[in-house]
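Student: Please read through the structure below; I'll follow up with questions.
What follows is calculated from the coordinates using simple rules that are stated; it is not laboratory data. The shown structure was predicted, so the numbers you read here are calculated from the model rather than taken from an experiment. Positions of Cβ are generated from backbone atoms using ideal geometry, with glycine treated the same way; all protein chains shown enter the neighbour counts.
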Amino acid sequence: MSLPTHVPVLFTVLMTILASGCGPQQTARNPPISQLSDVVFPADQQGPEVSGDEDADQGKWIALFNGKDLTGWTPKIRYHEAGDNFADTFRVEDGLLKVRYDGYESFGEKFGHLFYDQPFSHYRLRVEYRFVGEQCPGGPGWAFRNNGLMLHGESPETMTKDQDFPTSIEVQLLGGDGTKPRTTSNLCTPGTNVVMDGKLITVHCTSSTSQTYHGDQWVTAEVEVRGNEVIRHILDGEVVLEYNQPQLDMRVPHSRVLAERNGSNLLSSGTISIQAESHPCDFRKIELMVLDPPEDKATAKVMQDKKKAEYNPLTAQEAYVILRKGTERAFTGEYTDLKEEGTFICRRCNAALYHSSDKFDSQCGWPSFDDEIEGAVLRLPDADGRRTEIVCKNCGAHLGHVFLGEGFTTKNTRHCVNSVSMRFIPKGQPLPPMIVGNASDAE
Ligand SMILES: [Zn+2]
């Protein structure tokens with residue numbers, strides 16, 4: 001917490017290291033084979049239909065999977081770049097999110113993951129899944145009827161092209177072979193560890209106490225995730241596995257890099273992804289309910305807004321910063337040194353955020369302002385527990401962070417903003433109309 005000014009620089013340096021793939025990630029090499037699986041989550045096909053169960057008063061179930069297409073999701077398949085959905089591995093047909101391998105000659109360890117485009121920290125996740133058909137030729141034996149929900153994960157952008165599994169906490173989904181017992185909703189820990197009963201658990205997988213689900217039946221798996229405090233795996237309303245303090249495994253080089261970047265080895269939030277590990281699998285619901293911590297309200301708001309407004313389309317880089325709260329590299333943004341007169345608007349919703357008259361030269365590598373347009377910017381505790389995040393009040397777009405007391409200007413305030421979160425409109429040109437999120441009911 002010493003010098004907030006340096007934090008963004010540190011992040012940028014580390015991100016650069018990650019992007020350059022300096023350490024091969026080992027998440028999948030050390031793991032005992034029988035443990036890998038990733039899956040996706042539950043979303044309602046038709047939108048936010050709430051089941052009205054006893055938890056409904058805590059929030060609303062939100063459909064992460066819309067039942068129509070892969071909007072909001074990004075594939076990352078091993079040996080391919082993020083965004084390349086090799087052989088149409090992840091597809092939507094008949095309202096189902098299907099994981100298929102009919103375009104593969106042989107599986108060839110091309111482990112795939114489908115990432116939801118926003119991170120979460122406190123939530124309940126509910127999926128309905130089933131295994132179908134025959135395993136892809138060349139798939140590993142342990143991957144028979146195997147998928148998983150990867151939680152508190154890294155982003156597809158920090159994975160290297162050759163990386164097999166995202167560093168994450170995995171709720172392993174397994175199907176029975178028709179005879180032998182085989183639990184599901186197990187825990188696997190690619191690049192991570194957890195604490196159980198006060199002890200650090202370093203084995204790669206831990207079985208749940210579940211029954212066996214044979215055949216092609218639909219199974220509803222649920223997970224309750226409360227930041228770094230506790231994660232509970234739930235089946236048929238019963239907790240079948242519970243643990244605390246999910247954390248990066250500091251024995252793994254790639255995890256150490258992520259820990260440096262996060263400023264901690266503890267995992268309190270991250271991506272959600274489902275898997276493609278060689279056995280065909282369907283998901284018919286992937287649903288999420290945000291639980292109460294204040295920092296998640298912005299996420300909830302963004303989710304609500306996404307349903308109701310057509311914001312400006314975003315490039316992958318813009319989405320990385322605006323939706324996934326990433327940071328552009330220092331001294332690379334198009335507006336860092338801009339001194340022209342005009343107005344900076346939100347790139348996503350066009351809301352006017354900053355006047356050029358409040359911009360100053362901080363030498364920090366990002367556009368800096370000592371004041372915002374009144375009511376345009378919301379301040380939130382950052383997920384890192386140290387900084388203060390700033391988001392567009394209208395649409396929830398991530399802008400950057402605000403730092404106080406550095407003495408740059410008489411207002412003693414520095415809004416450190418990513419250029420890609422904004423668009424500059426020179427003085428004299430008309431401002432485009434703001435796209436209203438209509439999120440007044442979001443909270
Ligand atoms: Zn906005």
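Student: Can you give the extra length, in nm with one decimal, that the chain gains between ASP384 and VAL239 once fully stretched, where that is 0.36 nm per residue apart less the Cα-Cα distance?
Tutor: 49.3 nm
Student: Please list, by residue number, everything in the range 398-435 whose backbone N is under 17 Å from a paramagnetic label point 7 Å out along Cα→Cβ of ASN312.
Tutor: Label zone hits: 398-400, 417-435.
Student: Using the beta-carbon distance between HIS355 and THR71 and R0 = 30 Å, what value does 1/(1 + (r/R0)^6) give for FRET efficiency, to the nearest 0.05? Walk me through the numbers before you get to the answer.
Tutor: Details: r = 35 Å, r/R0 = 1.15.
That gives a FRET efficiency of 0.30.
Student: Defining a contact as two alpha carbons under 8 Å apart and six or more residues distant in sequence, what relative contact order in percent does the range 305-443 show?
Tutor: 31 percent
Student: Further, regarding this structure: Taking only the Cα atoms of the range 221-268, how large is their convex hull per residue, in Å³?
Tutor: Numbers: hull volume 3.7 nm³, N = 48.
Roughly 77 Å³ of hull volume per residue.
Student: Roughly speaking, what is the stretch gain from ASP177 to VAL132, that is 0.36 nm per residue apart minus the C-alpha to C-alpha distance, in nm to one decimal?
Tutor: Extra length from ASP177 to VAL132 when fully extended: 15.0 nm.
Student: Anything over 30 Å Cα to Cα? Flag those among LYS98/LYS393; LYS339/LYS393; LYS60/LYS98; LYS68/LYS161; LYS60/LYS161; LYS199/LYS325, in the order listed.
Tutor: With Cα atoms farther than 30 Å apart: LYS98/LYS393; LYS60/LYS161; LYS199/LYS325.
Student: Suppose the chain between GLU93 and ARG256 were pulled fully straight at 0.36 nm per residue; how much longer would it get relative to their current alpha carbon spacing?
Tutor: 54.7 nm
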